[in-house]
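The values are calculated or read from the model by the stated rules, or taken from the named source; none is laboratory data. Computed from a prediction, not measured in an experiment: that's the story for all the values here. Backbone-built Cβ (ideal geometry, glycine too); neighbour counts: all protein chains shown. Areas reflect the complete protein model, heavy atoms only, side chains present, ligands, DNA and RNA absent. Shrake-Rupley method; radii C 1.70, N 1.55, O 1.52, S 1.80 Å.
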Amino acid sequence: MNSVILLGAPGSGKGTLAQHMKTRWGVSHISTGDMFREAVKNNTAMGAQASVYMKNGQLVPDDVTIGVVEERFSKDDVKKGFILDGFPRTIPQAQALDAIIKDKDLKITAVILLDVDKSLIIRRITGRRSCPCCGNVY
């Protein structure tokens with residue numbers, strides 16, 4: 001089972017790397033950002049909570065973020081392995097992840113930190129575009 005946590009700044013390449021790993025290993029790509037965007041798009045209660053913070057350029061609070069991840073880990077596909085992209089970001093999130101992993105009897109294979117030069121991150125982020133219909137980032 002391959003279960004990996006990808007850490008790094010926005011624009012460091014976590015999502016791109018996760019897509020390659022997902023294709024190669026056939027495991028789930030779990031992105032908190034994608035889950036939040038989907039919840040906002042679908043007008044869920046969690047999406048309404050998250051959108052307030054997202055619209056202001058703030059991080060969604062730990063309790064909401066942890067709740068979304070806990071819900072996602074209740075699905076059976078994580079037993080085959082997973083790639084966490086953008087979680088955990090804080091110590092409380094890391095502690096919650098530890099509890100989730102133990103509760104579900106899962107293992108983390110690796111933690112990868114993508115340490116990318118700030119100027120490259122700025123160039124990547126300022127060049128990003130997203131589709132207003134499907135939310136795909138280009």
Which pairs do you get when a residue that is touching a residue at least 60 places away in the same chain (Cβ under 8 Å) and at positive phi, found in the range 81-95, comes within reach of a residue that is of a type outside the set (A, V, I, L, M, F, W, C) and crowded, with 19+ Cβ neighbours inside 10 Å, reach meaning Cβ atoms under 7 angstrom, with the pair 6+ apart or on two chains? GLY81/SER3; GLY86/LYS14; GLY86/SER31; GLY86/THR32
Within the range 69-94, work out how many residues are among the aliphatic types (A, V, I, L, M) and surrounded by 16 or more Cβ atoms within 10 Å (Cβ to Cβ). 4
Please verify whether ILE66 is among the β-branched types (Val, Ile, Thr), open to solvent by 100 Å² or more (accessible area, probe 1.4 Å), at pLDDT 90 or above and over 22 Å from THR16 (Cβ atoms), treating the condition exactly as stated. no
Among SER51, SER28, SER12, which is closer than 25 Å to SER119 by Cβ and open to solvent by less than 40 Å² (accessible area, probe 1.4 Å)? SER12
Of the residues in the range 32-63, those that are among the hydroxyl-bearing types (Ser, Thr, Tyr), part of a helix (DSSP H, G or I) and more than 12 Å from the chain's Cα centre (by Cα) come to SER51, TYR53
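Please go through the range 95-126 and give me each residue that is outside any loop (DSSP other than H, G, I, E, B), open to solvent by less than 80 Å² (accessible area, probe 1.4 Å) and not polar (S, T, N, Q), ordered by number.
Correct list: ALA96, LEU97, ASP98, ALA99, ILE100, ILE101, ALA110, ILE112, LEU114, LEU120, ILE121, ILE125.
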Among the residues of the range 51-80, what is the count of those that are among the small types (Gly, Ala, Ser) and farther than 15 Å from ALA99 by Cβ? 2
Surrounded by fewer than 20 Cβ atoms within 10 Å (Cβ to Cβ), in contact with a strand residue (DSSP E or B) (Cβ under 7 Å, 6 or more places away or on another chain) and in a helix (DSSP H, G or I): is that true of GLN19 in this structure? yes
Could you say which residue among ILE66, ILE83 is in a helix (DSSP H, G or I) and in contact with a helix residue (DSSP H, G or I) (Cβ under 6 Å, 6 or more places away or on another chain)? ILE66
Within the range 1-16, considering residues that are assigned to a strand (DSSP E or B) and among the hydrophobic types (A, V, I, L, M, F, W, C), the one farthest from THR109 (Cα to Cα): LEU7
